[in-house]
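Notes follow the structure.
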Amino acid sequence: MNRDFNLGTLQKNKEWDVAIIGGGATGLGIAVDAANRGFKTLLVERSDFAKGTSSRSTKLIHGGVRYLQNGDISLVIEALRERGILRKNAPHLVRDLSFVIPSYDWWSSPFYGFGLKVYDMMAGKLGLGPSTLLDKKETLNHIPNVNKKGLRGGIIYHDGQFDDARMAISLALTATKEGATLLNYAEVKSFTKDGGLISGLCFTDIINKKDYKIRAKVIVNATGVFSDQLIKLDQPNAKPMIRPSQGVHLVLEKKFLNGPYAIMVPQTSDGRVLFAVPWNNYVVVGTTDTPISKTSDEPTALKEEINFILRNAGNYMTKKPKISDVKSVFAGLRPLAASENKNEPTKEVSRHHKVTVSTSGLVSVLGGKWTTYRKIAEDTVNTVQTVGGFPEKKCNTEEIPIYGYDQNTNWQNPLHFYGTEANKIESLSKDGNKSLSEKIHITKNQILWALREEMAITLEDILARRMRCLFLDSFESEILAEEVVNIMADEMKKNSTWVNQELKNFKSLVKNYKI
């Protein structure tokens, strides 16, 4: 996974079987599947891998208790199956997390208990453990910071947790291992057509300011909330296919949970569920569902969204979080596939995915969620085979281990998400394993590894996605920035002008993550 090497591959290969636009969960999943089936595969991403929605989730691999509540049974069954497959194929990235639903009414424990038994039943052999009713004492033992006033008991159930951006990088490494060629910071500018059918694309390498033109038998639009822009590039009069919805998360210190269990609030003031999830010695609280008309690479949390989360979380906590307690805030845009009913609230819009083909042959993937990325990719590559007239080949991704696969993962090791590569990182240099921060684990060796092996280019790539500093603690990240960028400059042979520009860019970016 070396950018210069991949640019060299691009120079030698002007024609591809499949060209994928978009380096988030969906695009990377398609790259793994297409390359594994033997197709000559190229993926281009205009920013960094998982820069958008795919790094801004609630960090859960789950069937979706709320979707069960909404009666979307088929999505829950599909997601629970995919949850089990991901847990099996990426034990270094996905683990069981126990959730407690506190109960304050005599009827809610049996009501949710029954629903979660159905949830368990749907998971079948791929389940992570049975849900169980808790009495008041057990509930307090599990979630000590829960509001005790009127508490009757609770329910415990199991879902999966992961690090979304690290999963994306691991998928990029998996796709590379399968033979795909990946490029970040490569922005598509136009399509080329032969006889009205798409035959290729033109893109700009943003880093080297160079234009490229390639041919591809099939082009896949996997750009999430930006899908409509690509669709209009193909067919200017096309109707919008995406309804963006914003989800915001707040990150707090771990004392607001004070334990390894997550809290699931079953009913917020807007009818959604709310999660408070332990993550890397912090707590992620979210999320919201706000219709957004304008898409952006860096969506900004609205004041009312922040207040909504603090208010609803505070209703269930003894120690109530305040704005001054927020270490970081991040917003992501859901690429919901538009339904016929334009007045339908976004929280009601299905999270199912759609694969469409335009009259010129552009394959577009709409909707979906992280948990089902593999199935979305399978459905897309099946469509690609038809559109490209390729020989039909079976999808094998149910059995492909994700890069770094390690069945004996020690989750107490801060390098656990590297899996089998962790030892290589530790051996890069003897003095490079000490953390640069007491709050967030980040070492010189990790920075060197990200530059050499994971196609990191900018300071943001390092602090936001290769390591999750910016998402965990924006204040600490700002303190770390200068030391990190100097390590990068030494490794990349960059001068002070580059260092100053990177620091300027990061200082501007970090404002989005502070309240």
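The values are calculated or read from the model by the stated rules, or taken from the named source; none is laboratory data. Values in this document were obtained by computation on a predicted structure and should not be read as measured data. Ideal geometry is used to build each Cβ from the backbone, glycine not excepted, and the neighbour counts take in all protein chains shown.
Just to be sure before I move on: is residue 298 under 25 Å from the mean Cα position of the chain (by Cα), farther than 15 Å from residue 145 by Cβ and either part of a helix (DSSP H, G or I) or of a type in the set (A, V, I, L, M, F, W, C) (or both) in the structure I sent? Talk me through it step by step, then tell me what you get.
Values: under 25 Å from the mean Cα position of the chain (by Cα): yes; farther than 15 Å from residue 145 by Cβ: yes; either part of a helix (DSSP H, G or I) or of a type in the set (A, V, I, L, M, F, W, C) (or both): no.
Judged against the criteria, residue 298 is not a match.
Before we move on, is residue 116 aliphatic (A, V, I, L, M), buried (at least 16 other Cβ atoms within 10 Å of the Cβ) and either out of contact with any Phe, Trp or Tyr (no Cβ under 8 Å at 6 or more places or on another chain) or modelled with pLDDT under 95 (or both)? It would help to see each step written out before you state the result.
Values: aliphatic (A, V, I, L, M): yes; buried (at least 16 other Cβ atoms within 10 Å of the Cβ): yes; either out of contact with any Phe, Trp or Tyr (no Cβ under 8 Å at 6 or more places or on another chain) or modelled with pLDDT under 95 (or both): yes.
Taking the combined requirement at face value, the residue satisfies it.
Do you know which residues across region 332-366 are in a loop (DSSP other than H, G, I, E, B), at pLDDT below 95 and of a type outside the set (A, V, I, L, M)?
Answer for region 332-366, where residues must be in a loop (DSSP other than H, G, I, E, B), at pLDDT below 95 and of a type outside the set (A, V, I, L, M): 339, 340, 341, 342, 343, 344, 345, 350, 351, 352.
At least 3 residues that are more than 30 Å from residue 7 (Cβ to Cβ), at pLDDT below 95 and out of contact with any Phe, Trp or Tyr (no Cβ under 9 Å at 6 or more places or on another chain) in each: list the strands (runs of 3 or more DSSP E) lying fully within region 188-272 that qualify.
242-253
Mind counting the residues in region 299-328 that are surrounded by 15 or more Cβ atoms within 10 Å (Cβ to Cβ) and acidic (Asp, Glu)?
Count: 2.
Collect the residues in region 262-313 that are on the phi > 0 side of the Ramachandran plot and free of Cβ contacts under 8 Å to residues at least 24 places away in the same chain, keeping them in residue-number order.
none
So that you can scan it fast, the table gives a plain yes or no per residue for (1) within 18 Å of residue 381 (Cα to Cα); (2) touching a Gly at 6+ places or on another chain (Cβ under 7 Å):
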residue	(1), (2)
16	yes, no
22	yes, yes
28	yes, no
33	yes, no
43	yes, yes
48	no, no
52	no, yes
55	no, no
61	no, yes
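Looking at region 24-38, can you tell me whether even one residue there is among the charged types (D, E, K, R), out of contact with any Leu (no Cβ under 9 Å at 6 or more places or on another chain) and in the same structural domain as residue 278 (by TED's automatic domain parsing)?
No, every residue in region 24-38 fails to be among the charged types (D, E, K, R), out of contact with any Leu (no Cβ under 9 Å at 6 or more places or on another chain) and in the same structural domain as residue 278 (by TED's automatic domain parsing).
Just name the residue that is surrounded by the most Cβ atoms within 10 Å (Cβ to Cβ) out of those in region 233-248 that are within 30 Å of residue 146 (Cβ to Cβ) and of a type in the set (Gly, Ala, Ser).
Filtering first and then ranking leaves 247.
So, residue 217, is that one without any contact (Cβ under 8 Å) to a residue 24 or more places away in the chain and either crowded, with 19+ Cβ neighbours inside 10 Å or of a type in the set (Lys, Arg) (or both) or not?
The answer is no for residue 217.
If you scan region 158-175, which residues turn out to be in contact with a Lys or Arg (Cβ under 9 Å, 6 or more places away or on another chain) and not in a helix (DSSP H, G or I)?
Residues of region 158-175 that are in contact with a Lys or Arg (Cβ under 9 Å, 6 or more places away or on another chain), as a first pass: 159-166, 168-169.
Residues satisfying the conditions are 159, 160, 161, 162, 163.
Could you please let me know if residue 429 is of a type in the set (Gly, Ala, Ser), touching a His at 6+ places or on another chain (Cβ under 7 Å), surrounded by fewer than 18 Cβ atoms within 10 Å (Cβ to Cβ) and not assigned by TED's automatic domain parsing to the domain that holds residue 86?
Answer is no for this residue.
To keep it simple, each residue is scored yes or no on (1) aromatic (Phe, Trp, Tyr); (2) farther than 30 Å from residue 476 by Cβ; (3) crowded, with 21+ Cβ neighbours inside 10 Å; (4) assigned by TED's automatic domain parsing to the domain that holds residue 307.
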{"residue": "231", "(1), (2), (3), (4)": "no, yes, yes, no"}
{"residue": "250", "(1), (2), (3), (4)": "no, no, yes, yes"}
{"residue": "263", "(1), (2), (3), (4)": "no, no, yes, yes"}
{"residue": "267", "(1), (2), (3), (4)": "no, yes, no, yes"}
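Just name the residue that is modelled with the lowest pLDDT out of those in region 1-52 that are assigned to a loop (DSSP other than H, G, I, E, B) and over 16 Å from residue 185 (Cβ atoms).
14
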